[in-house]
């Protein structure tokens, strides 16, 4: 019998970096290249999931760019919203004290927690980075909730390389 693949939630920054026009900013260009490399070579190692929150965010802005982002996530399993996700997102919003404009990040996280997704893949390290992870981990641990790992494509590929050497 085949071992099930680890699950991964694809957050909005992934299709955004993967489909954007090449940037002149060295950090952005690096993230674009790493995201594309991950997508081409590594994504098949995971069961991919996303949500309507990602679709909504990908739909915003320039029509042509939005279409590229939406095409990128087409075919990824969509996790439907439910009351638990909405309630948990509100709790995370309060816990993390992030700006209202970034509230969708709490929904991305709550989808992963509610459905026990292994990895939340994102470049959004300001709102769902290591500081947030520590707060969420403690909050979830006290309540017996699942906590996904928050990873960028770069860190995840490094993590996978290290596993190959074990």
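One table, with the values for the structure above:
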item: Helices (runs of 4 or more DSSP H) wholly inside segment 23-107 containing at least 2 residues that are touching a residue at least 60 places away in the same chain (Cβ under 8 Å) and under 20 Å from residue 129 (Cα atoms); result: 26-41
item: Any hit, segment 147-164, residues being without any contact (Cβ under 8 Å) to a residue 60 or more places away in the chain, within 20 Å of residue 17 (Cα to Cα) and touching a helix residue (DSSP H, G or I) at 6+ places or on another chain (Cβ under 6 Å); result: yes
item: All positions within segment 67-79 that are farther than 22 Å from residue 112 by Cα and either modelled with pLDDT under 95 or surrounded by 16 or more Cβ atoms within 10 Å (Cβ to Cβ) (or both); result: 68
item: Residue satisfying condition, being closer than 23 Å to residue 34 by Cβ, in a helix (DSSP H, G or I) and at pLDDT 90 or above, within set 158, 162, 154, 138; result: 154
item: Segment 108-133, residues that are closer than 24 Å to residue 34 by Cβ and part of a helix (DSSP H, G or I); result: 108, 109, 111, 112, 130, 131, 132, 133
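The values are calculated or read from the model by the stated rules, or taken from the named source; none is laboratory data. Everything numeric in this text was worked out from a predicted model, so none of it was measured. Ideal geometry is used to build each Cβ from the backbone, glycine not excepted, and the neighbour counts take in all protein chains shown.
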